[in-house]
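Taken together, the values in this text are just the output of simple stated rules run on the coordinates, not laboratory data. Please read all numbers here as calculations on a predicted model, not as lab measurements. Glycine also receives a Cβ, built like all others from the backbone with ideal geometry; neighbour counts cover every protein chain displayed.
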Amino acid sequence: MPATPSRRTGPRPSPGAVRAPRVQPPDLSDEEPTIPAERLADVPPDAFGRIARVRVVGGTELPALDGAELADVRIESAFAAGWSAAGLRAEECELQALRVGAAEMPDASWRSVRLRGGRWGYLNLRGAVLEDCVLEDAEIEDLDLGAARTDRVVVRGCRIGTLHLHEATCRDLDLRTSTIDRVEGLGGARGAVADRLLVEQWAPALAAHLGLRVVDPG
C-alpha cells in the first residue's frame, strides 16, 4: 500500500515557540495621492466605505476618525496634540515617526499594522483587538492595553514608561528588547513574552502581585 502523503507544509513550531506577526505593508503605488494629515478625513471613501490607498505626510492635526476604517494607508511625520479615533479599524497600515500627545483609540481593531518610531504621550488601546502588529523603536509614555486582546504582536526596541495590562488577553505579545519601566495589571500579562532583563526589572512588582514577602536574611 502506498504511503499516505503528508499534509504538513513545513516544520511544526516547537512547544512554547513565539509566533511572529504576519505584517503586510500598505499596497501603495507611486500614483497614490499624498496629502497632509489635516486632509485625511476628507478623502472620499472607497466602495467599501473605507479610507484606502493614501499616503499622509506631515501636518499638525490628525482629524477625528471615530468609527472609521483605514486600509492600505501610511501616515508619517505628522504632529498632533490629540487624536480621537475610538473604534478605528485599520488593516495593512503604517504609522511612522508620528508625534502625538494623546491618542484615544479604545475598542480599535488593528490588523497587520506597523507603528514605527515617533513619540506618543498616551496611546489608549483599551478594549482593542490587535492581530499581526509590530510596534518598534517608538517612545510611548503610557501604553494602555487594558482589556485588549493581542495575537501575534511584537513590541520591539520601544521605550515605554507604563504598560497597562488590566484584564488583557495576551497571545504571543512579545515584549523582548523593549524597555518598560512599569507594568500595571500584571494579571493580564499571562501569555506575554519577556526577556530576562524585563523580568528582573519587574521583580518587585511581580513579588507584590503574588503576595510574596521579600525579606533579606538577618
*For the chain, what relative contact order do you get, as a whole percent, if you take Cα pairs closer than 8 Å and at least 6 residues apart?*
12 percent
*Cβ crowding within 10 Å averaged over residues, with 186-197, 18-29 ranked highest first*: 186-197, 18-29
*With only Lys, Arg, Asp and Glu charged, each at its Cβ (+1 for the first two, -1 for the last two), find how big the charge dipole of segment 82-218 is about the Cα centre; round to the nearest 20 debye.*
100 debye
*Going by the alpha-carbon gyration tensor, a ≥ b ≥ c the square roots of its eigenvalues, is segment 29-89 rounded (a/c under 1.5) or, if a/c is not under 1.5, prolate (a/b greater than b/c) versus oblate?*
oblate
*asked:* With the cut-off at 1.5 for a/c, could you classify the chain from its C-alpha gyration tensor as rounded, prolate or oblate?
replied: oblate
*Let me know the shape class of segment 58-142, please: from the alpha-carbon gyration tensor, a ≥ b ≥ c as square roots of the eigenvalues, rounded when a/c is under 1.5, otherwise prolate if a/b is greater than b/c, or oblate.*
rounded
*With a point put 7 Å past each Cα toward its Cβ, work out how far Ala64 is from Gln24 in nm, to one decimal.*
3.2 nm
*Whole Å is fine, so just give me how far the alpha carbon centre of segment 154-218 lies from that of segment 51-83.*
31 Å
